[in-house]
Amino acid sequence: MFLSAFFSQVCSMCVIVGVINHNLEQDSLTEFMKIGLERLAKRGPDFQNYYQNDKIAFGHARLSIIDTSAAANQPFWDESKRYCLVFNGEIFNFQSLKKDLQSQGYHFNTNSDTEVLLRLLILKGKKALNELNGFFAFAFYDLQTGCALLARDRYGIKPLVYSIKNNSLVFASEIKALLPFLKSKEIDKQSLQYFFKFNYIPTPNTILKGVAKLNAGECLEFDNEEWCISKYYQIQKSKSPFIGNYDDAKKAVYELLEDATKLRMISDVPLGSFLSGGIDSSIVSTIAAKHTSNLNTFSIGFKDEPYYDETEYANLVAKNIKSNHTVFSLSNDDLLEHYQEALDYFDEPFADSSALNMFILSKKTKSKVTVALSGDGADELFSGYNKHEALWLADQGGLKNSIVKNFGVFGSRMLPKSRDSKIGNLGRKLEKFSSGLQTTSQQRYLDWASFMGTSETEKLTNQVFELNGDLSYLLDEVKDFNDYLLRDFKLVLQGDMLRKVDAMSMANSLEVRTPFLDYRLVDLVFSMPSEFKIQKGDRKRLLKDAFRKDLPEEIFNRGKKGFEVPLRKWFNKELKTVLEKEVFNKGLIVSQGFLNWEEVENIQKKLYSNNPNDAVYNTWTLLGFQRWIAKYYNN
């Protein structure tokens, strides 16, 4: 039976939740669906509805972007009421796909991408996935056969978690919507290790045993009591190497990125662009400004942290492209005001501190628009991180590396090590670089992608660290610099960067679109030789040269700063009492039984020393874990 919507105009992007082959009483199922959707209401404030029968329950919460009419609400059905779809995301090429279907005689009742996706799935099944250009997570069900297909977009921009037990499949956009369906909650010890090592939990792991994330580019087929997971897409960096010279590559990147950006500007609600003043967001905003009048651009500045304030560059680009630019100037008090709200939204431990800045930027931007373009994905695609330059230098060998290898650790002992001063950061980097030279390229990447060393992770969690089969690619031989970038796509981009942006934007009912992750562009760039992207330490070489004529030269002649939060200052002042109660509390740590108190105490001592090094970030990680325990595990 169909059930009417139980929410209306609640006040984020769409979400899905559902169960297949359930063994629940109908009243219990109804209650669980209501709770699950209510917990995800921020992701879909405009309309919530669900369908249930004796086999399935499919629920959807909508943030209306394309075809905002009621006819496009979900769960969405075909005319025969045989096929049902719940879908989170956007199919940016839906209009061309629709035209092809119309030429074959198919009729459409809405202007939505949802109806196009449903028709393609009915006709082609999982083969339709290769035709989609967009980001998505969906569940498609055939009431007649009892077969289901779940899928996630190529790079994991949109989340999808699931649990299979006793031949019953439960799925949702976030873990918090699954919790009513779980009979018990048990922390996965390996995932706990991953969290403290990386500051996030890599896909497909989650913090809870029996709950998994569907990997990017994967689909899950469920046929009554049988199920299987398969890859429908993976990056093939050497399948068909790029044929052309460097100038050809610049032209191809320019044209494809422009088309990808134009495609992501389709919207029936107000759209703008993030503009930090960095290369990536500046390029996206510049392209967008060519294809719309009066583009709205947004950035945040830091009143109390001038070293990290990049509004000067954002203003320069905004003036150059004549956008309607808004700067949200924040004080440290503004950041402190929102840190609990940001941490509490994550339904598994997550400790990338820049999530706080993304949360506030999204909150402020949402007051002006519903959709924002961003430059996410460019660093992983074109080698934009400091880590990439260090990896490139380490692979070159030579006399300089030999000197650093032999004397770097000794020399770094003479320097303070922290992230909040130039000399301290130099000491920290020198120590990390010189120790990285002592090992293999695979281990070097793993160490430099981590925030906690392996031995420290083992001491903290009281168990031996190991990489399971899903992360074994981190131990594969590095044959080419593109192998590092491929690791970043699988590990960092999916587990950290995209997770952060999705969660913090959705927490504020804002949809963020990423032109750099158009699969045509990704496949193109991975087909190109690595020297096009990085050479003699010149990071993001190809991207900068392709768009050099479109941006002020000052944008290219500056270092990468990123989003930083003044954690050490807070831990010594405003949050010191919070840490004593929630983190450095021996009674609490011992009673929980998850962590080794002696190692937690060592982090505390290091934090308040003159050389805190990564203890500042390790403390934030501990705080993130304890906030999750209190909100989602104990309750």
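The values are calculated or read from the model by the stated rules, or taken from the named source; none is laboratory data. Everything quoted here is computed from the prediction, not taken from an experiment. Virtual Cβ from ideal backbone geometry, glycine too; neighbours counted across all protein chains shown.
Do we find a residue being part of a helix (DSSP H, G or I), surrounded by fewer than 20 Cβ atoms within 10 Å (Cβ to Cβ) and hydrophobic (A, V, I, L, M, F, W, C) anywhere in segment 606-621?
There is no residue in segment 606-621 that is part of a helix (DSSP H, G or I), surrounded by fewer than 20 Cβ atoms within 10 Å (Cβ to Cβ) and hydrophobic (A, V, I, L, M, F, W, C).
Determine, yes or no, whether residue 418 is farther than 18 Å from residue 539 by Cβ and at pLDDT below 70.
When the stated conditions are applied, residue 418 passes them.
Here's a check for you: in segment 549-558, which residue that is over 28 Å from the mean Cα position of the chain (by Cα) and in a helix (DSSP H, G or I) is farthest from residue 312 (Cα to Cα)?
549
Within segment 225-241, identify whether any single residue is closer than 30 Å to residue 322 by Cα and modelled with pLDDT of 95 or more, and answer yes or no.
no
Could you tell me which residue of segment 298-355 is farthest from residue 617 (Cα to Cα), considering only residues that are touching a strand residue (DSSP E or B) at 6+ places or on another chain (Cβ under 6 Å) and assigned to a helix (DSSP H, G or I)?
318
Among the residues of segment 200-248, which ones are touching a Pro at 6+ places or on another chain (Cβ under 9 Å) and not β-branched (Val, Ile, Thr)?
200, 212, 213, 214, 215, 218, 241, 242
Residue by residue, here is whether (1) at pLDDT below 95; (2) closer than 30 Å to residue 600 by Cα; (3) of a type outside the set (Asp, Glu); (4) not assigned by TED's automatic domain parsing to the domain that holds residue 288 holds:
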position: 440; (1), (2), (3), (4): yes, yes, yes, yes
position: 461; (1), (2), (3), (4): no, yes, yes, yes
position: 480; (1), (2), (3), (4): yes, no, no, yes
position: 492; (1), (2), (3), (4): no, yes, yes, no
position: 499; (1), (2), (3), (4): no, yes, yes, no
position: 522; (1), (2), (3), (4): no, no, yes, no
position: 526; (1), (2), (3), (4): no, no, yes, no
position: 535; (1), (2), (3), (4): yes, no, yes, no
position: 540; (1), (2), (3), (4): no, no, yes, no
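Test residue 27 against the stated conditions and say whether it is charged (D, E, K, R) and at pLDDT below 85.
no
Considering only residues that are surrounded by 24 or more Cβ atoms within 10 Å (Cβ to Cβ) and not in a strand (DSSP E or B), look in segment 1-18 and name the one that is modelled with the highest pLDDT.
14
Go through segment 459-501 and give me each residue that's out of contact with any helix residue (DSSP H, G or I) (no Cβ under 8 Å at 6 or more places or on another chain), charged (D, E, K, R) and more than 24 Å from residue 378 (Cα to Cα).
Hit for segment 459-501 is 470, nothing else.
Is it true that some residue in segment 230-251 is in contact with a Cys (Cβ under 9 Å, 6 or more places away or on another chain) and more than 22 Å from residue 377 (Cα to Cα)?
Yes, that holds for at least one residue.
If a residue counts only when it is on the phi > 0 side of the Ramachandran plot and touching a Phe, Trp or Tyr at 6+ places or on another chain (Cβ under 8 Å), which helices (runs of 4 or more DSSP H) contained entirely in segment 432-535 have at least 2 such residues?
none
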